[in-house]
Amino acid sequence: MKIKEKLFFMIFSVIILIASGIYIIGEFYLEKFYIKSKVESLKSISDIVRDPRYIIDLDELEREENIIIYIKPFTEESIYEDLSPEEEERFKREEVAWRLRSGENIVERTRVDSYMGEYIILYTKYSKDKLLEIRTPISSITEAVAISSKHYLRLVSIVMVFGVFLALYFSKKITDPIISLKGITYEISELNFDKKFTEKRSDELGELGNSINKMGDMLEGIIFELNRANDKLKEDIEHEKKLEALRKEFVASVSHELKTPIAIIQGYAQGLSEGIASEESRDFYCNVIVEESHKIDALVKELLLISQIEAGYMESDMTGINIGMIIRKIMDKYHYEFGKYSVSYPEEDIYVTGDYKYIERVAENFIGNAFKYALPGGVVEVAAKKSEGKVRIAVKNNCNNLSEDELKEVWTPFYRGDKARSSEGTGLGLAIVKGILDNHQSDYGVKLSGDLVEFYFTLDEAEKII
């Protein structure tokens, strides 16, 4: 059975109990109550009639109270007058006369033959030689009781009818919010937090609804954070997988890069040791060995630098530097390439704050990659723009088949756009650049617009160096 039905039957049962109580009182106790009240009224009247301080109109009193008053001589005959033989015999046995003479009030419910009806009769001593008798018919009481019983029966019927509607109304009024809360909690269990308790209530149900709303909001926030953390974990796992793949590729690439110069050095050194080289070719053998050892040294230094960056041990000497001069110096190295592209770069001096050797490496990496990957007949553009105490250096060039996904990976250590084993470089250049720019707290990035790719970074503007 649902709570709404239980509550309806509970309220209706209480109403039935109250109505039944009203009916039982009216049916079984009302007449006794009226008789008791009438007896008390007769006693009060007798006190008033016997009190010499009151002047009473007995006829008017009889009409008002529906009673009959007798003042009789105090004899046994007067007491037993109008009583049936059975009642007279009972009175004699109970020695009513003696009790009256001692001042006792006697109330009897008896039938009087001459009046063919039942009366309540109060006997009391009026004076030394007189008896006061006050009678009231039972019929008036029974009529009142009958009328009251009918009234109570009608009242009970009305109460029962209205009780049904009240039980339905209050059961609905109380259970509707509970049903609403049940629906909300079910939606929360299904991880749907859109449904809220909106009733404006100040009772316990209102407090419960507000608590459920708060719980739903809190769970929604927790689940959102868990989902976000889960997504981040998935991204980290994917990143680690990619990084691991890049590390393996890097090891293979470095092994290849080291294998070639080491093999060359071994070969030429063996030739020198075995006297294969002639006097004229010894210098050539030595130069090759020195050149290949320089390649190995440069690769090892890059490995050490990226390790320092990743470990957080990188230290920078921040001074005012002429970034314009650094750009011109690097562009001079690629002067022989100018005929292949449309080239532009700043000719003026521009001063920024940074570590000279590291900023020079950043600029050389960006400009070198621009010339390396620019399409024939394309553009290589270097620009430096001042704005609000910052200098933004940007390097643009044409590119081919470069995607946004690839741009997201260019800063990753060991990543190379060209996966071919013979491609130049180890994939550490832009990773080192990223570490340098992070150390300089620079705003940097890469953008793709059509077939133009732009690498940029910003540095704080510095005063002119004297």
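Tabulated values for the structure
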item	result
Matching residues, the range 106-121, being among the polar types (S, T, N, Q) and modelled with pLDDT of 80 or more	none
Hits in the range 26-67 - residues which are outside any helix (DSSP H, G or I) and aliphatic (A, V, I, L, M)	I55, I56, I67
Test: F338 is assigned by TED's automatic domain parsing to the domain that holds Y456 and without any contact (Cβ under 8 Å) to a residue 60 or more places away in the chain	yes
Filtered residue count, the range 296-326, keeping only those that are charged (D, E, K, R) and free of Cβ contacts under 8 Å to residues at least 12 places away in the same chain	3
Every residue from the range 33-60 that is modelled with pLDDT of 80 or more and within 17 Å of Y119 (Cβ to Cβ)	I35, K36, S37, K38, V39, E40, S41, L42, K43, I45, S46
Leading residue by the ranking (farthest from K248 (Cα to Cα)) among those in the range 364-413 that are in a helix (DSSP H, G or I) and under 46 Å from the mean Cα position of the chain (by Cα)	E404
Any hit, the range 231-245, residues being assigned to a helix (DSSP H, G or I), more than 30 Å from Y186 (Cβ to Cβ), of a type in the set (D, E, K, R) and touching a residue at least 40 places away in the same chain (Cβ under 8 Å)	yes
Any hit, the range 109-120, residues being in contact with an Asp or Glu (Cβ under 8 Å, 6 or more places away or on another chain) and outside the structural domain of I71 (by TED's automatic domain parsing)	no
Flag for K172 being basic (K, R), at pLDDT below 80 and over 30 Å from E64 (Cβ atoms)	yes
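The values are calculated or read from the model by the stated rules, or taken from the named source; none is laboratory data. Given the structure is predicted, the values throughout are model-derived calculations rather than measurements. Positions of Cβ are backbone-derived with ideal geometry, glycine not excepted, and every protein chain shown enters the neighbour counts.
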